[in-house]
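Trainee: Below is a structure I'd like to ask you about.
The values are calculated or read from the model by the stated rules, or taken from the named source; none is laboratory data. All values derive from a computational prediction rather than experimental measurement. Because the Cβ atoms are built from the backbone with ideal geometry, glycine has one as well, and the counts that use them run over all protein chains shown.
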Amino acid sequence: MAFELVVSGLSHRYGALSVLEDISFTIRQGEILAIVGPSGCGKSTLLGIAGGLLRPTAGTVSVAGAMPASLNPFTYIFQDFALLPWRSVAANVRLPIEHHPVSASDREKLVSDALARTGLSEFAGALPKQLSGGMRQRVGIARALVVRPALLLMDEPFSALDAQTRDLLMGDFEAIWAREKTTAAYVTHNLHEALRMADRIMILRRRPGRIREIVPVPIPRSERRGAAAERDLVRIHGELWGLIREEAQLADREIAHG
Amino acid sequence: MGDGPVKDAQRRISFRGGGFDPRPRPLVAWIFFAAVLALWQAGSSAGVIDSLFLPSPARIAVALQELIASGDLFRHLGASLARIGLGWLIGAITGVMLGGLIGLSWLGRSAGLPFISALFPVPKIALLPLLILWLGIGESAKVVTIALGVFFPIAISTYAGIDNVPRNLIRMAQSFNVPLSAIIWKVVVPGIMPSILSGCRISASIALILVVSAEMIGANVGIGSFLLTTGNLMQTDQLMAGIVAIAVLGLLIGALISWLERVLLAWR
């Protein structure tokens with residue numbers, strides 16, 4: 001039986017500031033749900049709560065059904081890569097499985113397998129400072145894959161990268177996803193990214209963050225880069241932009257307090 | 001733009017981006033150092049500088065050589081280094097322990113931080129008379145004075161280092177369910193090494209100041225007591241030789257810490 005992540009009645013406050021209010025949605029096994037919204041709409045807070053890194057003020061996150069076997073079912077990929085700078089690429093990828101009762105040879109096999117899947121085998125001994133931003137995020141992806149995650153929680157994984165690197169990495173990630181069919185929640189502020197990667201796109205409004213709409217992308221991922229899909233994608237992009245444009249403008253003009 | 005000919009109607013844009021780039025040139029440093037020594041030597045030889053109050057570099061070098069040959073220098077330096085070594089070790093270990101508690105636990109921070117803030121500004125040499133009363137005039141009072149001087153900068157750099165370990169690295173480890181002890185050993189400890197090593201650098205110079213001061217107050221052997229005795233006897237060449245020896249010792253300690261930084265922080 002497939003599993004579902006069920007988020008129900010979630011609210012979160014930072015002191016007097018209500019960041020998220022009454023958020024309910026599900027992520028089905030095998031799908032990628034993009035979470036899109038203007039700055040300050042609580043996207044990253046929502047992702048933090050979904051994976052147990054933040055405690056919500058109200059509401060629950062639960063799993064229905066059986067999750068596939070995993071060394072770390074809820075696994076994050078971070079915007080700033082979060083690599084340990086004193087560890088080599090291989091040692092960074094090994095970190096999540098060092099505390100598991102896995103034999104040393106199995107552990108090294110898991111690491112070399114994750115490095116191979118992300119094209120990092122020849123960089124195993126390199127330090128993060130020696131790598132480009134794109135390669136560093138590949139290490140972040142390899143570190144996530146090594147635990148065979150049931151649900152990937154991706155917090156703007158490509159936003160710290162330049163446009164070309166982002167395009168390359170998304171291509172890599174699409175290939176990985178096509179092979180492994182990993183379920184993912186994908187936070188981004190970039191509609192193009194969401195339209196390329198996601199099966200459904202959840203639009204959040206801000207202050208407090210509420211679900212505005214969940215929009216399906218009814219084009220198979222493999223066909224989205226072809227000319228035939230372009231008109232549909234442009235139309236969906238226009239609809240989505242219409243939903244967030246006004247609030248993005250408000251966010252842009254806001255003066256920070258505190 | 002290049003340096004080609006500029007036509008009448010065109011005007012070359014003048015360069016205005018220079019300066020504010022004081023990169024040192026090692027050769028200039030050596031030349032300047034040699035020039036100061038030469039000027040000093042010339043002043044002494046010409047009788048402009050009174051050698052009783054400021055002996056010439058050559059006389060200081062001879063005195064240094066004699067002190068080395070007689071073994072006196074190493075006897076005094078050895079005694080001082082033993083006090084520094086023991087005091088630094090005690091101060092550093094207790095400093096890392098309390099700094100770690102302040103950095104990692106709310107209870108440690110609530111109880112320990114006011115204590116550190118209140119006592120850090122007290123010049124530790126001011127505590128020596130009290131420590132002599134408590135511990136006697138022997139080695140313990142001097143070692144504890146040094147330990148106290150080392151304790152505070154190490155404790156502060158430990159908890160400041162923990163505060164500066166990027167929280168995203170700790171959250172990352174938590175997101176993979178890495179156990180707390182492994183987070184401390186694999187994330188926090190390597191992350192605070194830069195801060196600890198800069199604490200070592202500061203505390204080593206404090207230890208050097210304190211050992212000299214403490215030995216001037218109550219010791220028969222040690223570089224501080226040697227300086228005080230030679231000063232009282234107006235043996236300024238030996239006094240200056242002692243100062244040179246301390247300066248070299250300070251440089252060696254600094255070089256050792258720089259080497260440790262290169263080895264332990266190669267990842268930066």
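Trainee: Please tell me if residue A:11 is touching a Leu at 6+ places or on another chain (Cβ under 6 Å) and in a strand (DSSP E or B).
Mentor: Values: touching a Leu at 6+ places or on another chain (Cβ under 6 Å): yes; in a strand (DSSP E or B): yes.
Judged against the criteria, residue A:11 is a match.
Trainee: Evaluate the following for residue B:190: is it surrounded by fewer than 24 Cβ atoms within 10 Å (Cβ to Cβ), part of a helix (DSSP H, G or I), within 14 Å of another protein chain (Cβ to nearest Cβ) and within 18 Å of the chain's Cα centre (by Cα)? If you could, list the steps in order and put the result at the bottom.
Mentor: Details: surrounded by fewer than 24 Cβ atoms within 10 Å (Cβ to Cβ): yes; part of a helix (DSSP H, G or I): yes; within 14 Å of another protein chain (Cβ to nearest Cβ): yes; within 18 Å of the chain's Cα centre (by Cα): no.
Against the criterion (surrounded by fewer than 24 Cβ atoms within 10 Å (Cβ to Cβ), part of a helix (DSSP H, G or I), within 14 Å of another protein chain (Cβ to nearest Cβ) and within 18 Å of the chain's Cα centre (by Cα)), residue B:190 does not qualify.
Trainee: For the stretch B:141-167, what are the residues that are surrounded by 15 or more Cβ atoms within 10 Å (Cβ to Cβ) and polar (S, T, N, Q)?
Mentor: Just the residues of the stretch B:141-167 that are surrounded by 15 or more Cβ atoms within 10 Å (Cβ to Cβ), to begin with: B:141-162, B:165.
Within the stretch B:141-167, B:145, B:157, B:158 qualify.
Trainee: Quick check: is even one residue across the stretch A:123-137 in contact with a helix residue (DSSP H, G or I) (Cβ under 9 Å, 6 or more places away or on another chain), away from chain B (no Cβ under 12 Å) and hydroxyl-bearing (Ser, Thr, Tyr)?
Mentor: Checked the stretch A:123-137: at least one residue is in contact with a helix residue (DSSP H, G or I) (Cβ under 9 Å, 6 or more places away or on another chain), away from chain B (no Cβ under 12 Å) and hydroxyl-bearing (Ser, Thr, Tyr).
Trainee: When residue A:239 is evaluated against the numbered criteria (1) farther than 21 Å from residue A:51 by Cα; (2) buried (at least 19 other Cβ atoms within 10 Å of the Cβ); (3) of a type outside the set (Ser, Thr, Tyr), which criterion, by number, is the only one it fails?
Mentor: (2)
Trainee: Right, here's the next one. Please identify the pairs in which a residue from the stretch B:21-45 that is under 24 Å from residue B:60 (Cβ atoms) has its Cβ atom under 9 Å from the Cβ atom of a residue that is among the β-branched types (Val, Ile, Thr), counting only partners at least 6 apart or on another chain.
Mentor: B:40/B:49; B:42/B:48; B:43/B:49
Trainee: Can you find, within the stretch A:135-191, the residue that is modelled with the lowest pLDDT among those that are of a type in the set (Lys, Arg) and buried (at least 20 other Cβ atoms within 10 Å of the Cβ)?
Mentor: Residue satisfying both the conditions and the ranking: A:166.
Trainee: Let me ask another. Would you be able to say whether some residue in the stretch B:176-183 is under 30 Å from residue A:141 (Cβ atoms), in contact with a strand residue (DSSP E or B) (Cβ under 8 Å, 6 or more places away or on another chain), crowded, with 16+ Cβ neighbours inside 10 Å and of a type outside the set (Val, Ile, Thr)? Give the derivation first.
Mentor: In the first step, residues of the stretch B:176-183 are kept if they are under 30 Å from residue A:141 (Cβ atoms); the result is B:176-183.
With in contact with a strand residue (DSSP E or B) (Cβ under 8 Å, 6 or more places away or on another chain) added as a condition, the list becomes B:176.
This time we only want the ones that are crowded, with 16+ Cβ neighbours inside 10 Å, so: B:176.
In the following step, the residues that additionally are of a type outside the set (Val, Ile, Thr) were identified as B:176.
Yes, the conditions are met somewhere in the stretch B:176-183.
Trainee: Any residue at all in the stretch A:8-21 that is away from chain B (no Cβ under 14 Å) and among the β-branched types (Val, Ile, Thr)? Step through it out loud before you land on a result.
Mentor: Initial filter on the stretch A:8-21 (away from chain B (no Cβ under 14 Å)): A:8-21.
Narrowing further to those that are among the β-branched types (Val, Ile, Thr): A:19.
Yes: the stretch A:8-21 contains one or more residues that are away from chain B (no Cβ under 14 Å) and among the β-branched types (Val, Ile, Thr).
Trainee: What is the number of the single condition among (1) within 13 Å of the chain's Cα centre (by Cα); (2) under 25 Å from residue A:2 (Cα atoms); (3) of a type in the set (Gly, Ala, Ser) that residue A:159 does not meet?
Mentor: Among (1) within 13 Å of the chain's Cα centre (by Cα); (2) under 25 Å from residue A:2 (Cα atoms); (3) of a type in the set (Gly, Ala, Ser), the lone unmet condition for residue A:159 is (2).
Trainee: Then there is this: Give me a count of the residues in the stretch B:187-224 that are more than 15 Å from residue B:253 (Cβ to Cβ) and of a type in the set (S, T, N, Q).
Mentor: Looking only at that region, the number is 3.
Trainee: Taking the options B:184, B:154, B:162, name whichever one is touching a residue at least 60 places away in the same chain (Cβ under 8 Å), assigned to a helix (DSSP H, G or I), within 14 Å of chain A (Cβ to nearest Cβ) and within 28 Å of residue B:256 (Cβ to Cβ). Spell out how you get there, then give the answer.
Mentor: Numbers: B:154 fails: within 14 Å of chain A (Cβ to nearest Cβ); B:162 fails: within 14 Å of chain A (Cβ to nearest Cβ).
Only one candidate qualifies: B:184.
Trainee: Something else: Considering the stretch B:81-103 alone, what residues qualify as being crowded, with 16+ Cβ neighbours inside 10 Å and not small (Gly, Ala, Ser)?
Mentor: B:81, B:83, B:84, B:86, B:88, B:90, B:94, B:96, B:98, B:101, B:102
Trainee: Could you please let me know if residue B:171 is within 14 Å of chain A (Cβ to nearest Cβ), among the basic types (Lys, Arg), surrounded by 14 or more Cβ atoms within 10 Å (Cβ to Cβ) and assigned to a helix (DSSP H, G or I)? Walk me through it before giving the result.
Mentor: Details: within 14 Å of chain A (Cβ to nearest Cβ): yes; among the basic types (Lys, Arg): yes; surrounded by 14 or more Cβ atoms within 10 Å (Cβ to Cβ): yes; assigned to a helix (DSSP H, G or I): yes.
For residue B:171, the condition - within 14 Å of chain A (Cβ to nearest Cβ), among the basic types (Lys, Arg), surrounded by 14 or more Cβ atoms within 10 Å (Cβ to Cβ) and assigned to a helix (DSSP H, G or I) - is met.
Trainee: Would you mention how many residues in the stretch B:171-196 are β-branched (Val, Ile, Thr) and in contact with a Lys or Arg (Cβ under 9 Å, 6 or more places away or on another chain)? Don't jump to the end; show me each part of the working.
Mentor: Initial filter on the stretch B:171-196 (β-branched (Val, Ile, Thr)): B:178, B:183-184, B:187-189, B:192, B:196.
Right, trim to in contact with a Lys or Arg (Cβ under 9 Å, 6 or more places away or on another chain) and you get B:178.
The qualifying residues number 1.
Trainee: Also, I was wondering about something else. Would you pick out the residues in the stretch A:58-80 that are within 14 Å of another protein chain (Cβ to nearest Cβ) and small (Gly, Ala, Ser)?
Mentor: A:70
Trainee: Still on this model: Scanning the stretch A:104-122 for residues that are basic (Lys, Arg) and farther than 14 Å from residue A:172 by Cβ, which turns out farthest from the other protein chains (Cβ to nearest Cβ)? Before the answer, list the steps.
Mentor: First, the residues of the stretch A:104-122 that are basic (Lys, Arg): A:107, A:109, A:117.
Subset that is farther than 14 Å from residue A:172 by Cβ: A:107, A:109.
Values: A:107: 14, A:109: 19 Å.
So the residue we want is A:109.
Trainee: Return the pairs, sorted by first residue and then second, in which the second residue is surrounded by fewer than 24 Cβ atoms within 10 Å (Cβ to Cβ) and polar (S, T, N, Q), the first residue lies in the stretch A:33-51 and is at negative phi and within 14 Å of chain B (Cβ to nearest Cβ), the beta carbons are less than 9 Å apart, and the residues are 6+ apart or on different chains.
Mentor: Correct list of pairs: A:44/A:79; A:51/B:175.
Trainee: Can I ask one more? If you go through the stretch A:87-103, how many residues are farther than 21 Å from residue B:171 by Cα and within 14 Å of another protein chain (Cβ to nearest Cβ)?
Mentor: Filtering the stretch A:87-103 for residues farther than 21 Å from residue B:171 by Cα gives A:101-103.
With the extra rule that they be within 14 Å of another protein chain (Cβ to nearest Cβ), the set shrinks to A:101-102.
Number satisfying all stated conditions: 2.
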